[in-house]
Structures are given as C-alpha cells and as structure tokens.
Amino acid sequence: MSSPIIEVSELVKKYGDRLAVNGVSFQVQEGEIFGLLGPNGAGKTTTLSILSTLLQPDAGKVQINGYDLAQDAERIKPLIGLVPQELALYPTLSAWDNLAFFGRIYGLRGRRLREQIDFVLELVGLRDRAGDAVETFSGGMKRRLNLAAGLIHQPRLLFLDEPTVGVDPQSRNFIFEHIERLKAAGMTILYTTHYMEEAERLCDRVAIMDEGRILALDTPQKLIGLLGGGVIHLAIPSDFISMLLPAIRALPHVQAVSPLDGRIKIETTEARSALLELIQLCHTRDVPILSLEILEPSLESVFLHLTGKHLRD
C-alpha cells in the first residue's frame, strides 16, 4: 500500500439535534477497497456524501489526494466517480445517451467521449443494449449502467453507495467481478454496504459503523478474530442468572461472561464445545433454557458483539 489518498479526521454532521456522523476518522490507502459496513441510518451515506463534496460537514477535516475538501472541492470533484444508492439515470434516454450526458458534464467530447462510452458499456456488459431506453432495463441492468456512469471520466476514486441493493444474484456477482477488476487495475474504492458477505468478499479493510460512529476498523479477518472461537447468548429465567454465572465462568471453553439485556453473553475459545458444556450445566442444575444463540465468527456476529443488535435491525 502507498500513502493515504483519503484522510478523514473527526468528521461531524448534524441534522437538527441528531448526530448523523459523530467524530468519524479513518484513512484510505491508494489502491484498496475500503468498506463502510453498518445498518441503514448508521451514517455511511452521509459520510460518503461529504467526501463526494455534496454535503458540508459541521466539523472535522477531509483531505483527498492532498487537497483540503473545504478549500479545494473543485480540484477534488474530477478525481471522484460517485455511484449513488438511488439510480442517477434518465429513464426515457438510451444507455448511450445517459453516458454521453454524464461524460459531457466532465468535459468529454468527440472521439474521446465515444471511446469512453464504448469502454464502460463493454465493462458492465451492456454494449448490446446501448440504444435501448433505460426504462426497459431490469433492476440489475440499471445498477450496472449506474456503475458505468460513475466510471465514464476515468476517476482515481470510486465511491459506491450500496451498489447491489435490489439486484438479482447474477447481476450482483457481475458487479462484484467488475469491482475486483477495477481494484486490480489500481483504482481506489470506497464501498458502503449493510451486507456483511459483500464486505468480507471485496474489502481490504472495513470500518463498522453504527449511530454515526466507527466502532471498529481493521481487515475483515482481524475483525472476525475479535470473536475468538465465537460468542453464545444464553437466555434463562432471571432468578437463575446470578447463581449460574460463576459456574459458566468455570467452564473449560469459556473466556468471558457478562449479563446482556436479560441474557448471558458468553465469549468462548470454541463455540460448539462451550455449547455442549452449557447445556450439560443447565441440565445438571435443573435450569430451564429459554433460548440459545451461537454467533460463530463473521462480520455480522462481530457487529452484534459490538452493538448488541443485528446488522439489519
């Protein structure tokens, strides 16, 4: 990895009394795919909108390719390709005409514009539909054309905001493959998603966001390693909790135990072995089990471990 191409420091954005972005800081290295992972309302899109020069922050500092966002926005804009969550396409125009429109906004004309349109249509597999109106396209095809529009001016940075929402599995895999090719060609990509499997597959590093804050930031593998051998949530009648806690702590495959919203959160060295020990313990002590949930290592279970709620809540 080379030096950071994006540097974000203590970024804040408020909507009335609500803190949409609350002191967010991170760096993105040139050539990496950096993910912002979190549920709807976590602050991902707001953060991306600020970095894209669409929103003014209330506090904090952003540098992109050495330019200060507050002072050099016009120098930053040509470096960025933005693929928003909402489709930014004209439905009655053809795919070719949509791309021609966006290309001209970036100053492309004549032969260079035609070559770029042909290139990005080929890239997203839509060259044979170039003359068709966008309103005739499937949801997946529209998403792919949305991606092409963000690439028309050959940006150094590509910002992708939930690019696979509402698309079929075939189109989703098609988008994944082309994102991976863009990375292999040296493009830097900032990717927001609430699908943990996308972050695990695509991202070199991931920042887990919730309620406007970054809760953890590292490679997917290291974040998953936070869970050790997995976490178990055990629900038993409240009268038994204080009595059972010392015995649970003494189990061979248990690392840590803590009460959590009427349940017991159990961090383990090996979840399946610990589960068998827990069941045997409750049986021996005649303690009824109301529910058991095993969080085997994944980014989704890391999010639940950090926040106490599921990623899609």
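A few remarks follow.
- Dividing the mean sequence gap of close Cα pairs (under 8 Å, 6+ apart) by how many residues the chain holds gives a relative contact order of 20 percent.
- Folded to 0 to 90 degrees: helix 110-123 orientation relative to the chain principal axis, Cα: 30
- Tilt relative to the chain, helix 95-105 - C-alpha long axis, 0 to 90 degrees, to 10: 80
- Relative contact order computed over segment 19-116 (Cα-Cα under 8 Å; 6+ residues apart), in percent: 14
- Each of 282, 203 has some number of other Cβ atoms within 10 Å of its Cβ, and from fewest to most they run 282, 203.
- Prolate/oblate/rounded label for segment 84-196 (Cα gyration tensor, a/c 1.5): oblate
- Mean-square fluctuations from a GNM of the chain, with a 10 angstrom spring cutoff on Cα atoms, peak among 59, 250, 271 at 250.
- Along each principal axis, Cα extent of the chain, largest first, Å: 80, 42, 38
- Greater than 19 Å apart at Cα, pairs in 13/61; 222/265; 13/44; 14/61: 222/265
- Angle between the chain longest axis and helix 139-151 axis [Cα atoms, degrees, rounded to 10]: 60
- Neighbourhood charge, 10 Å Cβ-Cβ cut-off, centred on residue 227 and excluding it, Lys, Arg +1 and Asp, Glu -1: -2
- When both bridge partners sit in the chain, DSSP labels roughly 65% of those beta bridges antiparallel.
- Relative packing of peptides 28-34, 104-110 - highest average C-beta neighbours within 10 Å first: 28-34, 104-110
Quick note: the coordinates plus some simple rules give every number you see, no bench work behind them. If you're wondering where the values come from, they're calculated on a predicted model, not measured in any experiment. Cβ sites come from the backbone with ideal geometry, for glycine too, and all protein chains shown count toward neighbours.
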